[in-house]
Amino acid sequence: MSDMLNPVEIRRRLKEAAEAARLRDRAGLDQSASWLDAASAREMLRIDYYARRFRYDGPPLGVPDQWTAPVLEQPHPVVAVVATMHSSGFVRERAVRALITSGDPSGDRALTVRATDHVSVIRELAAAEVRRRTGLDQADRIVPLLHRIAKRGRGAGLLPEYLRSLVAIHGEPEVWARLRESSDRDLRRSAYQDSRDAGLLPLAEVAEILPREKDQIVRRLLNRIVVDDASPELVTQLLLRGRAADSRVLALVRLTASELDPADVERLLVDRSVLVRLWARRRWEELGRDPATTYAAITRSDVTPAVRARAYVGLVEVNRSVARDEILTLVHSHELALRKVGLVLLKTNATADDIPTLFELTAATNSRVARLASEVLIRNPRLWSLQDLAVLKAAEDPTLRRRGWWIHRSLGGWDAVIADLELHHDPDPHLSVLGAQPVAPMYFQPTASQKQRLAELLKTSRLRRHQLLSIAVAAGLRELLS
């Protein structure tokens, strides 16, 4: 699939294609052919749309007189393909007739696009030729466009008619199997849904496809087939032990406690997915086990640090507290996963004794650890002062200053205004532009120290005058109003 191009780039490439056709430039025509062949169905329709729009610099494909009979009769098929998108109906009709005569495969998509033409003669010519091109290789090129055209007014009825012809010639299983392999994402999803509705997806085939399926929509559809038709053993194999969280949840919902292996449920108690853990706990309780006891045992086991970390999260999810000493051990752990979960648990357990450690971690090289430590500070603003934050805000590293600004701004009120003004004064241009436009808070005045700091910052601020005056008036800084 090609990259989505903007209208300017589309018009430029169309002009180059028209110029290559006029000059009989073989290399240029080959380049245009490669571009159009790589375009998706959606992109092909966009290209056709912009090809026929007039701009101040004229139509992208030039004037109709350029597309003479000798030009259209060139052996290179892309010439007629490009001409089918011209704004002139006479040029489009001649180009469609040229593609019909040549029978070249590169014309399949161009003719399909013209099956939506607003000129009835062109539309009927193109649609009649599309109906005749019923080979499976031709269908690979035609059906993705028909699938999108079906949502439009003109040409909408061509898709069901074309599919009926394909089925009559090649058989329903062969046709839908081919469409399920389409590179067009929307068509592929629709083909899977239609195949399921027609009973053309046997369980054995689903079991083979599902483990390697990457499209979430298709995978969900296959999951439903497994849930509806498969035995508990197959549901366990394909879904419960699958790589996708939505599959594991579906299996836990579908299977009863008696149909589950306790080892599988215990493993899912510490799954990465919150929803999987929730359903695993329900089934664990139905098996007569206590999730909290199991989580506590896992935290003391020799499993990987990531699994132990999720066990601590599980304890929180079942409303079991973790001792403060244990939380501090996690915060100081050399294992990143344990340190991160320790910081998460510390949010509601922090004391003033933790502040030096938290500011140290806020300057950590690992951005996730630094953010979690910052969130603990933000959650507990009464445990620290702006003086504690000064070292971070004065650091040489702009990344550390940005973290200090973010913590300061989280205090809200006039502190947020001061933080934004300070950031605007930062010597790093990449950092100074990140400051939000400060807005004075309503209904309360700054403290004396805040007012003094605001006066210092506003005197050298690069804010527009109306913004500066707005803050000065709200803060009661009359000396700045003159």
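Here are some notes:
- Loop sites in region 401-482: chymotrypsin sites (Phe, Trp or Tyr not before Pro), DSSP, at most 13 other Cβ within 10 Å: Tyr443, Phe444
- In region 1-137, the ratio of gyration radius to Kirkwood radius, Rg to Rh, stands at 0.93 when only Cα atoms are counted.
- Spherically averaged projected area of region 73-231 from its Cα convex hull (nm²): 10.3
- Accessible surface of the chain, 1.4 Å probe, proportion on carbon and sulfur as whole %: 51
- Ranked by solvent-accessible area (1.4 Å probe, protein heavy atoms only, all chains present), the residues Tyr49, Tyr162 order from largest to smallest as Tyr49, Tyr162.
- The spacing between region 157-198 and region 28-105, judged by their C-alpha centroids, is 28 Å.
- Area accessible to solvent at Arg289, 1.4 Å probe radius, in Å²: 110
- With all protein chains modelled, accessible area of His332 [1.4 Å, Å²]: 110
- Using the Cβ-Cβ distance between Ser258 and Ile217 with R0 set to 25 Å, the FRET efficiency from 1/(1 + (r/R0)^6) comes to roughly 0.20.
- Modelled spin labels at Tyr443 and Ala156, positioned 7 Å past Cα toward Cβ, are 5.2 nm from each other.
- Computed over the chain, the percent of Cα pairs more than 28 Å apart is 70.
- Spatially, region 271-290 and region 441-460 are offset by 53 Å when compared through their Cα centroids.
- Diffusion constant of region 413-481 at 25 °C, which comes from Stokes-Einstein with the Kirkwood Cα-pair radius and 0.890 mPa s, µm²/s: 204
- Remark: for residue pairs Lys151/Lys214; Lys340/Lys393; Lys214/Lys347; Lys340/Lys459; Lys340/Lys451, the C-alpha separation exceeds 30 Å in Lys214/Lys347; Lys340/Lys459; Lys340/Lys451.
- Taking every protein chain into account, the accessible area of the chain amounts to 51 square angstrom per residue (probe 1.4 Å).
The values are calculated or read from the model by the stated rules, or taken from the named source; none is laboratory data. Everything numeric in this text was worked out from a predicted model, so none of it was measured. Virtual Cβ from ideal backbone geometry, glycine too; neighbours counted across all protein chains shown. Surface areas here come from the heavy atoms of the whole protein model, side chains and all, with no ligands, DNA or RNA. Shrake-Rupley method; radii C 1.70, N 1.55, O 1.52, S 1.80 Å.
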